[in-house]
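For reference, the structure is listed below as structure tokens.
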Amino acid sequence: MTHFDLIVVGAGILGTSHALQAARLGKKVLLLEKDNFPTNATVRNFGQVVPSGLSGRWHRYGQRSIELYKEIQAEYDISVRANGSVYVASDEPEWQLAHEAEELFRDKAYPAQLLSAEETLARHPYLKASYVKGSLFFPDDVSVEPDRLVHRLIQYIQQKYGVMYLPNTAVLDFQSGAEGVEVVTARREKFKGQQVVICNGSEFRLLFPDLFASSGLVVSKLQMLQTLPLPNVTLAGNILTGLTIRRYESFEECPSFAQLTTPTHYEELKKWGIHLLFKQAMDGSIIIGDSHEYAPADRTDELGFDVKEPINELILREAERIVEFPVRGIARAWAGYYAQHPDEILEREIAPGLHIITGIGGKGMTSSLGYAEEKVKEWF
């Protein structure tokens, strides 16, 4: 039987981050993935790495993740682009929140710059003047390609650190003993790890289903769209909007957030958890979204596999209110699913050396590397 210091079950960004951080400490690591390659939340998002949207420890993890992303990018192309993020306020309450957030981030030593409506439109001429009240720019945020990042990161940790990666390898059982944790796969292969971490995303049926059913985990279904390539349009970094200012936790810390009310034109959008984001992919296409529907961990099938056209229409109609470029030439639309937990993340040690970590929500792409660095150091 092959022995490892750390075995990671699940090769999404959270699992791969744990494999990377253990390997950086010189540990022998095995990364297991049940599918051909990661196919869920890690590759179905915008690819916006935005500590600007987070608060508390998750903001700090995000800052550290950006440092690590940039270090790796300097050695190996994982698709990191340092273009920053801009949050565009559309009315007076959103603009007030932008001012308050700028002060808060100044105290956190995370650079933020208020831009007037004129300055915003000069930098982002594809925005409609009728929408723009002003904006808040975060130069240190970065963007990545969601359909490329984790694959490149897995290649990187294999080549640089010798991490053993086995896709198409579902794990069905564990045995915890004095010498570590034995992992049993669907092929009846057995591996032993000093520490084992299960980063299962929103897959709750294969392992410990009763635990997940009673865990408080919720799955969010998001709808997203991607245009055909738009060669005459250049988006400068991540574009976030007034609905995002009204949604992201970093703005909840602002003094006036508690007094925020929902304008009539936002009511239907809020019902479906819609907030508008724009991110240009390397081929010139633009990812637009997203929406949020929720179901408990033991009833995720209620979310369905379909993409609801009325929700897409709400997204596109709001997008047309914000940007000048055409958004109706849609090349593809999809639904993504991620798990989230009321305690920000689910962390359980269910036997000595056997850990479950999932439910990081929408923070995974931004904060996983920094979070995993701290967690792995606790184990080793």
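The values are calculated or read from the model by the stated rules, or taken from the named source; none is laboratory data. Because the structure is a prediction, the values reported are computed rather than measured. Neighbour counts run over all protein chains shown; Cβ positions are idealised from the backbone, glycine included. SASA here: full protein model, heavy atoms, side chains in, ligands and nucleic acids out. Shrake-Rupley method; radii C 1.70, N 1.55, O 1.52, S 1.80 Å.
Quick check: is even one residue across the range 256-267 touching a Lys or Arg at 6+ places or on another chain (Cβ under 7 Å) and of a type outside the set (Phe, Trp, Tyr)?
Yes, there is a match, as at least one residue in the range 256-267 is touching a Lys or Arg at 6+ places or on another chain (Cβ under 7 Å) and of a type outside the set (Phe, Trp, Tyr).
In the range 109-164, how many are of a type in the set (D, E, K, R) and without any contact (Cβ under 8 Å) to a residue 40 or more places away in the chain? Walk me through how you get there before you give the answer.
Restricting attention to the range 109-164, the residues satisfying the condition of being of a type in the set (D, E, K, R) are 118-119, 123, 128, 133, 140-141, 145, 147-148, 152, 160.
Okay, now just the ones that are also without any contact (Cβ under 8 Å) to a residue 40 or more places away in the chain, so 118-119.
Total satisfying the criteria: 2.
Assuming THR241 fulfils every condition listed in (1) surrounded by 20 or more Cβ atoms within 10 Å (Cβ to Cβ); (2) modelled with pLDDT under 95 apart from one, which condition is it?
Condition (2) is where THR241 drops out.
Looking only at residues that are in a strand (DSSP E or B) and of a type in the set (Ser, Thr, Tyr) in the range 322-380, which one is farthest from ALA22 (Cα to Cα)?
Among them, the one singled out is TYR337.
Hey, any hits in the range 276-286 for a residue that's of a type in the set (Val, Ile, Thr), open to solvent by less than 10 Å² (accessible area, probe 1.4 Å) and closer than 23 Å to GLY84 by Cβ? Please lay out each step first, then the result.
Residues of the range 276-286 that are of a type in the set (Val, Ile, Thr), as a first pass: 286.
Filter again for open to solvent by less than 10 Å² (accessible area, probe 1.4 Å), leaving 286.
When the remaining residues are screened for being closer than 23 Å to GLY84 by Cβ, the result is 286.
Yes, there is a match, as at least one residue in the range 276-286 is of a type in the set (Val, Ile, Thr), open to solvent by less than 10 Å² (accessible area, probe 1.4 Å) and closer than 23 Å to GLY84 by Cβ.
Output yes when any residue across the range 358-369 is among the hydrophobic types (A, V, I, L, M, F, W, C), open to solvent by 10 Å² or more (accessible area, probe 1.4 Å) and in contact with a strand residue (DSSP E or B) (Cβ under 8 Å, 6 or more places away or on another chain), and no when none is.
Yes, the range 358-369 contains at least one residue that is among the hydrophobic types (A, V, I, L, M, F, W, C), open to solvent by 10 Å² or more (accessible area, probe 1.4 Å) and in contact with a strand residue (DSSP E or B) (Cβ under 8 Å, 6 or more places away or on another chain).
For GLU309, state whether it is exposed (fewer than 14 other Cβ atoms within 10 Å of the Cβ), out of contact with any Asp or Glu (no Cβ under 9 Å at 6 or more places or on another chain) and not basic (Lys, Arg).
On the way: exposed (fewer than 14 other Cβ atoms within 10 Å of the Cβ): yes; out of contact with any Asp or Glu (no Cβ under 9 Å at 6 or more places or on another chain): yes; not basic (Lys, Arg): yes.
Judged against the criteria, GLU309 is a match.
Given the residues SER79, SER90, which is the only one that is at pLDDT 95 or above, of a type in the set (Ser, Thr, Tyr) and crowded, with 22+ Cβ neighbours inside 10 Å?
Exactly one of SER79, SER90 is at pLDDT 95 or above, of a type in the set (Ser, Thr, Tyr) and crowded, with 22+ Cβ neighbours inside 10 Å, namely SER90.
Could you tell me whether the range 33-44 includes any residue that is modelled with pLDDT of 95 or more, among the charged types (D, E, K, R) and either open to solvent by less than 20 Å² (accessible area, probe 1.4 Å) or within 18 Å of ARG148 (Cα to Cα) (or both)?
Yes, the conditions are met somewhere in the range 33-44.
Among the candidates ILE78, ILE7, ILE13, ILE72, single out the residue that is within 13 Å of the chain's Cα centre (by Cα) and aliphatic (A, V, I, L, M).
Only one candidate qualifies: ILE13.
Test LEU230 against the stated conditions and say whether it is assigned to a loop (DSSP other than H, G, I, E, B), out of contact with any Cys (no Cβ under 6 Å at 6 or more places or on another chain) and either open to solvent by 10 Å² or more (accessible area, probe 1.4 Å) or closer than 19 Å to ALA335 by Cβ (or both).
Judged against the criteria, LEU230 is a match.
Answer yes or no as to whether ALA109 is open to solvent by 60 Å² or more (accessible area, probe 1.4 Å) and at positive phi.
yes
Here are the criteria: (1) open to solvent by less than 40 Å² (accessible area, probe 1.4 Å); (2) of a type in the set (A, V, I, L, M, F, W, C); (3) more than 30 Å from LYS271 (Cβ to Cβ). Tell me which single one ALA236 does not satisfy.
(1)
Restricting attention to the range 71-85, does a residue exist that is acidic (Asp, Glu), without any contact (Cβ under 8 Å) to a residue 12 or more places away in the chain and either closer than 21 Å to THR169 by Cα or assigned to a helix (DSSP H, G or I) (or both)?
Scanning the range 71-85 turns up at least one residue that is acidic (Asp, Glu), without any contact (Cβ under 8 Å) to a residue 12 or more places away in the chain and either closer than 21 Å to THR169 by Cα or assigned to a helix (DSSP H, G or I) (or both).
Within the range 289-297, does at least one residue satisfy the condition of being in a helix (DSSP H, G or I), more than 30 Å from LEU217 (Cβ to Cβ), touching a residue at least 12 places away in the same chain (Cβ under 8 Å) and hydrophobic (A, V, I, L, M, F, W, C)?
No, the range 289-297 contains no residue that is in a helix (DSSP H, G or I), more than 30 Å from LEU217 (Cβ to Cβ), touching a residue at least 12 places away in the same chain (Cβ under 8 Å) and hydrophobic (A, V, I, L, M, F, W, C).
Pick from the range 176-211 the residues that are farther than 23 Å from GLN340 by Cβ and among the acidic types (Asp, Glu): which of them is farthest from the chain's Cα centre (by Cα)?
GLU179
Taking HIS265 as meeting all but one of (1) open to solvent by 20 Å² or more (accessible area, probe 1.4 Å); (2) under 26 Å from GLY62 (Cβ atoms); (3) assigned to a helix (DSSP H, G or I), write down the number of the exception.
HIS265 satisfies all of (1) open to solvent by 20 Å² or more (accessible area, probe 1.4 Å); (2) under 26 Å from GLY62 (Cβ atoms); (3) assigned to a helix (DSSP H, G or I) except (2).
From the residues in the range 314-329 that are open to solvent by less than 60 Å² (accessible area, probe 1.4 Å) and not hydrophobic (A, V, I, L, M, F, W, C), which one is modelled with the highest pLDDT? Give the steps one after another, and end with the answer.
Narrowing the range 314-329 to residues open to solvent by less than 60 Å² (accessible area, probe 1.4 Å): 314-316, 318-319, 322-323, 325, 327, 329.
When the remaining residues are screened for being not hydrophobic (A, V, I, L, M, F, W, C), the result is 318, 329.
Numbers: GLU318: 98, GLY329: 95.
Only one residue tops the list, namely GLU318.
If I filter the range 244-259 down to residues being among the charged types (D, E, K, R) and part of a loop (DSSP other than H, G, I, E, B), which single residue comes out as surrounded by the fewest Cβ atoms within 10 Å (Cβ to Cβ)?
GLU253
Look at ALA22 and say whether it is buried (at least 18 other Cβ atoms within 10 Å of the Cβ), over 17 Å from GLU253 (Cα atoms) and modelled with pLDDT of 95 or more.
Working: buried (at least 18 other Cβ atoms within 10 Å of the Cβ): yes; over 17 Å from GLU253 (Cα atoms): yes; modelled with pLDDT of 95 or more: yes.
Against the criterion (buried (at least 18 other Cβ atoms within 10 Å of the Cβ), over 17 Å from GLU253 (Cα atoms) and modelled with pLDDT of 95 or more), ALA22 qualifies.
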